[in-house]
1. Out of residues 5 or more away from residue 18 or on other chains, whose amide H comes under 5 Å of its own, with H placed 1.01 Å from N in the peptide plane?
2. Distances longer than 20 Å among the Cα atoms of the chain: what percent of all pairs is that?
3. With every protein chain present, what accessible area does residue 61 have (1.4 Å probe, heavy atoms only), rounded to the nearest 10 Å²?
4. At q = 0.18, 0.28, 0.29 Å⁻¹, work out log10 I(q)/I(0) for segment 11-66 with the Debye formula, treating every Cα as an identical point scatterer and leaving solvent out; two decimals please.
5. Please return the longest range in the chain lying between exposed loop sites, taking chymotrypsin sites (Phe, Trp or Tyr not before Pro), DSSP loop only, at most 11 other beta-carbon atoms within 10 Å, and leaving the sites out.
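The values are calculated or read from the model by the stated rules, or taken from the named source; none is laboratory data. This structure is a prediction, so every number in the text was calculated from the model and none was measured. All Cβ positions, even for glycine, are placed from backbone atoms using ideal geometry, and neighbour counts span all protein chains on display. Just the protein is used for accessible areas: all its heavy atoms, side chains included, with ligands, DNA and RNA removed. Shrake-Rupley method; radii C 1.70, N 1.55, O 1.52, S 1.80 Å.
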Amino acid sequence: MPDYDVAPSARFISIAHQFVVPDLVKSAEYYRDVLGFEILGYLGEPPRFAMLARDDVQIHLGQGSGPPAGSNATRRKHGLDAYIWVEDVETLSGELKERGAKILDGPASRSYGLMEMVIEDLDGFRIGFGTHPDSE
């Protein structure tokens, strides 16, 4: 990798992960009703893009054309499509169970020191949630 003498000058603030989904409104309502996100708004008529937020985390959804590409986990057999750090993954697990989320794994303490769980959303995307032991 090249060695550059230029120091980073702009601080990164956050990221909004984007998923392409087959039914935008249905997926946005799932994130609202099951995962507790707020729908910040839709763009286009009919809607082609949606912005959702829960606390400082944003997820954007785009209306796909044709069959969806699917989850990274489907293509790689392992892995996640997004990972969200949370204050208390065990409390979140209880909330998401009550809302009917599909929890694939956890919450479980990992050998690398994190408490994690994995859910699968309406469209088959896998999202991991993790808590540092120091943040509990």
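1. Amide H neighbours of residue 18: 60.
2. 52
3. Roll a 1.4 Å probe over it and residue 61 shows about 0 Å².
4. -0.55, -1.14, -1.20
5. 13-111
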